[in-house]
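Reviewing the structure listed below.
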């Protein structure tokens, strides 16, 4: 049984906690450490580590404070170089090389985003739970089996984005950045169809755009396509 808690999601900040009853992990630290403490009732001493997907501030804002509080933070070499903070708590991890944090085994994999060396994470434990975390990517080239939980970006729909460009709400140049940086509803549905979801218990849709998304529409579309329990935190 995995507990998933979204502390923040979206362009203003991202931070998530996963707990299998024995080991807690933070994924991203894109909000202040005070906000993280408050959301976790000031119980941060049990956190085994923090995974950071890439260097954009909405995913790594609190890195220095988190490191100063004694939490190890795991990221790619490219992400560390782009952030530019030197700290003994920053641990470098490599694409497709597993690491163990408490009861969790974590496999970083490459994703497609306008960042130095962004990662998604496949996170599994001995109890048979297998969680996929992928955000800030316009495409996932891998297929996964045996997943029980998905935490995955559903940033925009092509239809809403095109409509916003047409009425001048979204600039044309921003349209192409979004399309080459973030997961659309349409691409997510293709990805879900291509993967084995037979064991999936929950799907959490992350990082919805403020202007180019529709929470209810996205939730219904993913539920209809998968027959799974879908959350939009």
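The values are calculated or read from the model by the stated rules, or taken from the named source; none is laboratory data. These figures come from a predicted structure and were not determined experimentally. When we count neighbours, we look across all protein chains shown, and the Cβ atoms used for this are built from the backbone with ideal geometry, even at glycine.
Tabulated values for the structure
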{"item": "The range 29-43, subset out of contact with any strand residue (DSSP E or B) (no Cβ under 8 Å at 6 or more places or on another chain) and closer than 24 Å to residue 104 by Cα, residue surrounded by the fewest Cβ atoms within 10 Å (Cβ to Cβ)", "result": "41"}
{"item": "Conditions (1) over 19 Å from the mean Cα position of the chain (by Cα); (2) at pLDDT 95 or above; (3) part of a loop (DSSP other than H, G, I, E, B); number of the one not met by residue 85", "result": "(2)"}
{"item": "Single condition residue 46 does not satisfy, out of (1) over 27 Å from residue 215 (Cβ atoms); (2) at pLDDT 95 or above; (3) touching a strand residue (DSSP E or B) at 6+ places or on another chain (Cβ under 7 Å)", "result": "(2)"}
{"item": "The range 67-79, subset more than 12 Å from residue 119 (Cα to Cα) and touching a strand residue (DSSP E or B) at 6+ places or on another chain (Cβ under 9 Å), residue surrounded by the fewest Cβ atoms within 10 Å (Cβ to Cβ)", "result": "72"}
{"item": "Meets criteria (at pLDDT 95 or above, in contact with a strand residue (DSSP E or B) (Cβ under 8 Å, 6 or more places away or on another chain) and buried (at least 19 other Cβ atoms within 10 Å of the Cβ)) for residue 103", "result": "no"}
{"item": "When residues of the range 1-13 are limited to those that are part of a loop (DSSP other than H, G, I, E, B) and either closer than 16 Å to residue 149 by Cβ or in contact with a strand residue (DSSP E or B) (Cβ under 6 Å, 6 or more places away or on another chain) (or both), the one modelled with the lowest pLDDT", "result": "1"}
{"item": "Test for residue 98: is it closer than 21 Å to residue 196 by Cβ, surrounded by fewer than 16 Cβ atoms within 10 Å (Cβ to Cβ) and modelled with pLDDT of 95 or more", "result": "yes"}
{"item": "Single condition residue 227 does not satisfy, out of (1) within 24 Å of residue 18 (Cα to Cα); (2) loosely packed, with under 13 Cβ neighbours inside 10 Å; (3) in contact (Cβ under 8 Å) with a residue 24 or more places away in the chain", "result": "(3)"}
{"item": "Residue satisfying condition, being more than 13 Å from the chain's Cα centre (by Cα) and either surrounded by 15 or more Cβ atoms within 10 Å (Cβ to Cβ) or in contact (Cβ under 8 Å) with a residue 40 or more places away in the chain (or both), within set 166, 186, 202", "result": "202"}
{"item": "Matching residues, the range 220-233, being assigned to a loop (DSSP other than H, G, I, E, B) and touching a helix residue (DSSP H, G or I) at 6+ places or on another chain (Cβ under 8 Å)", "result": "228, 232"}
{"item": "Meets criteria (more than 15 Å from the chain's Cα centre (by Cα) and in contact (Cβ under 8 Å) with a residue 12 or more places away in the chain) for residue 161", "result": "yes"}
{"item": "Filter pass, residue 115 being surrounded by fewer than 18 Cβ atoms within 10 Å (Cβ to Cβ), in contact (Cβ under 8 Å) with a residue 12 or more places away in the chain and in a loop (DSSP other than H, G, I, E, B)", "result": "no"}
{"item": "Given (1) under 22 Å from residue 116 (Cβ atoms); (2) buried (at least 23 other Cβ atoms within 10 Å of the Cβ), index of the condition residue 64 fails", "result": "(2)"}
{"item": "Selected residue (criterion: farthest from the chain's Cα centre (by Cα)) from residues of the range 15-65 that are part of a helix (DSSP H, G or I) and touching a residue at least 40 places away in the same chain (Cβ under 8 Å)", "result": "58"}
